[in-house]
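**Student:** Below you will find the structure I want to go over with you.
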Amino acid sequence: MAYQRKLGRTASQRKALLRNQVTNLIWYGRIETTEAKAKEVRSMAEHFITLAIRECDNNLTVTKQTHNDKGQVMNIEVTNDAPTKLHARRQMMAYLYDLKEAKHRDETKKEYRERTQDNKHPVIEKLFREIGPKYKARNAEKNSVGGYTRMYKVGPRRGDGAEMVILELV
């Protein structure tokens with residue numbers, strides 16, 4: 001980005017703050033923050049959603065030959081990311097934090113481990129499996145692009161009078 005708001009913080013603090021807020025916006029669907037922070041978070045979140053929309057269906061099916069315990073040749077079909085989707089996934093992983101899925105109340109440790117075993121990066125998977133296809137269909141239906149977030153003004157914060165907004169995914 002050529003220009004970025006400084007938000008009264010050092011570069012490392014600002015980067016950590018924005019990474020955290022973008023990750024939470026994608027994971028929870030909405031956050032409450034100041035207007036200046038929300039404008040910065042909005043641009044980054046829309047960038048990642050656009051990447052997810054462009055690459056959500058970009059997979060390759062590959063047939064691999066492996067040997068089982070008996071020495072027999074087995075053909076297995078594996079679905080891999082295409083090179084462009086892999087690049088988009090790595091860009092997202094470099095910026096977004098990894099959040100762990102919450103454990104359900106009636107779930108044991110063993111059930112939780114089995115449920116979350118194959119999903120190492122839940123935020124990235126949510127972008128590619130839920131958010132990307134949802135907005136891709138929305139863009140095709142309305143014949144438009146962009147505008148994946150919405151801001152509601154809440155009013156001034158009690159302590160310092162900063163303008164507060166709720167930023168949410170549409």
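Laboratory data are not the source of any read-out in this text; all were calculated from the coordinates shown. Because the structure is predicted, anything quoted here is derived from the model rather than measured. Every residue, glycine among them, receives a Cβ derived from its backbone with ideal geometry; neighbour counts consider all protein chains shown.
**Student:** Just need the relative contact order of the range 2-97 here, percent rounded to a whole number, with Cα pairs under 8 Å and 6+ apart. Can you show the working numbers first?
**Tutor:** Working: 76 pairs, mean separation 24.7, N = 96.
Relative contact order of the range 2-97: 26 percent.
**Student:** Please give every one of the lysines within straight-line cross-link reach of LYS109, meaning a C-alpha to C-alpha distance under 21 Å, and leave out same-chain neighbours fewer than 8 residues apart.
**Tutor:** Candidates past the 8-residue exclusion: LYS100, LYS120.
**Student:** While we're on this one: Can you tell which of THR50, THR23, THR79 shows the greatest fluctuation in a Gaussian network model of the chain with Cα springs below 10 Å?
**Tutor:** THR79
**Student:** Classify the range 110-170 as rounded, prolate or oblate, taking a ≥ b ≥ c as the square roots of the eigenvalues of its Cα gyration tensor: rounded when a/c is under 1.5, otherwise prolate if a/b is larger than b/c and oblate if not. Walk me through the numbers before you get to the answer.
**Tutor:** Numbers: a/c = 4.45, a/b = 1.34, b/c = 3.32.
It comes out oblate by the Cα gyration axes.
**Student:** Related question: Would you grab the residues whose amide H sits under 5 Å from the one on VAL154? Only those 5+ places off in sequence or on another chain, please, with H modelled 1.01 Å from N.
**Tutor:** MET164, VAL165, ILE166
**Student:** Top mean-square fluctuation among ARG138, ARG89, ARG54, Gaussian network model of the chain, C-alpha springs under 10 Å?
**Tutor:** ARG138
**Student:** Using just the helices of the chain, give the 222 nm mean residue ellipticity in deg cm²/dmol: DSSP H runs with n ≥ 4 each add -39,500 (n - 2.57), and the total is spread over all residues, rounded to 500. Don't skip to the answer; put the middle values down first.
**Tutor:** Details: 6 runs with 76 residues, N = 170.
Calculated from helices alone, the mean residue ellipticity at 222 nm is -14000 deg cm²/dmol.
**Student:** If you put +1 on each Lys and Arg Cβ and -1 on each Asp and Glu Cβ, how big is the dipole of the range 76-170 around its Cα centre, in Debye rounded to 20?
**Tutor:** Details: 21 positive and 15 negative charges, 37 e Å.
So the magnitude is around 180 debye.
**Student:** Same structure, new question: Select from the range 1-44 those chymotrypsin sites (Phe, Trp or Tyr not before Pro) which occupy a DSSP coil region and have at most 11 other Cβ atoms within 10 Å, ordered by residue number. Present the calculation step by step, with values, prior to reporting the outcome.
**Tutor:** On the way: sites: TYR3, TRP27, TYR28; in loops: TYR3.
In loop regions of the range 1-44 (DSSP not H, G, I, E or B), the sparsely surrounded chymotrypsin sites (Phe, Trp or Tyr not before Pro) are TYR3.
**Student:** Shifting gears a bit: So for the chain, taking the charge dipole from beta-carbon charges (+1 Lys/Arg, -1 Asp/Glu), which of LEU167, THR66, ALA140 sits furthest toward the positive end?
**Tutor:** Going by the Cα projections, it comes out as LEU167.
**Student:** Sort the following peptides by mean Cβ neighbour count (other Cβ atoms within 10 Å, averaged over residues), highest first: 114-121, 11-18, 34-41. List each step's numbers first, then the result.
**Tutor:** Numbers: 114-121: 11.5, 11-18: 13.5, 34-41: 17.9.
Result, highest mean first: 34-41, 11-18, 114-121.
**Student:** How many nm separate the modelled label positions at ALA140 and ASN58, each set 7 Å beyond the Cα in the direction of the Cβ?
**Tutor:** It works out to 1.7 nm between the two label points.
**Student:** Could I ask something else about it? Pick out the long, greasy-scoring helices in the chain: whole DSSP H runs spanning 18 Å or more along their own axis by Cα, mean Kyte-Doolittle at least -1.0.
**Tutor:** On the way: long enough: 11-28 (25 Å, -0.38); 35-55 (30 Å, -0.31); 83-95 (19 Å, -0.92).
Membrane-span-like by this criterion, though nothing is claimed about a membrane: 11-28, 35-55, 83-95.
**Student:** Related question: What order, most packed first, do the peptides 70-76, 147-153 have when packing is the mean number of other Cβ atoms within 10 Å of each residue? Mind showing how you got there, number by number?
**Tutor:** Values: 70-76: 7.9, 147-153: 14.4.
Descending mean neighbour count gives 147-153, 70-76.
**Student:** So how much slack lies between ASP106 and HIS121, counting 0.36 nm per residue of separation and subtracting their Cα-Cα distance, in nm?
**Tutor:** Working: separation 15, 0.36 × 15 = 5.40 nm, distance 2.33 nm.
Result for the pair: 3.1 nm of gain on full extension.
**Student:** If you don't mind, there's one more thing I want to ask. Under a point-charge model restricted to the Cβ atoms of Lys and Arg (+1) and Asp and Glu (-1), what is the dipole moment magnitude of the range 1-78 relative to its Cα centre, in debye to the nearest 20? Mind dumping the intermediate values first?
**Tutor:** Details: 13 positive and 8 negative charges, 121 e Å.
I would put it at about 580 debye.
**Student:** Express the relative contact order of the chain as a whole percentage, based on alpha carbon pairs under 8 Å and six or more residues apart in sequence. Intermediate results must be reported in sequence, preceding the final value.
**Tutor:** Details: 194 pairs, mean separation 50.5, N = 170.
Across the chain, relative contact order equals 30 percent.
**Student:** Apply 1/(1 + (r/R0)^6) to the Cβ-Cβ distance of ARG5 and GLU114, taking R0 = 41 Å, and write down the FRET efficiency to the nearest 0.05. Walk me through the numbers before you get to the answer.
**Tutor:** On the way: r = 44 Å, r/R0 = 1.06.
Plugging the Cβ-Cβ distance into 1/(1 + (r/R0)^6) gives 0.40.
**Student:** Classify the chain: rounded, prolate or oblate, from the alpha-carbon gyration tensor (a ≥ b ≥ c, eigenvalue square roots; a/c under 1.5 rounded; otherwise prolate if a/b is larger than b/c)? Before the final figure, lay out each step's value.
**Tutor:** Working: a/c = 2.31, a/b = 1.82, b/c = 1.27.
Here the chain falls in the prolate category.
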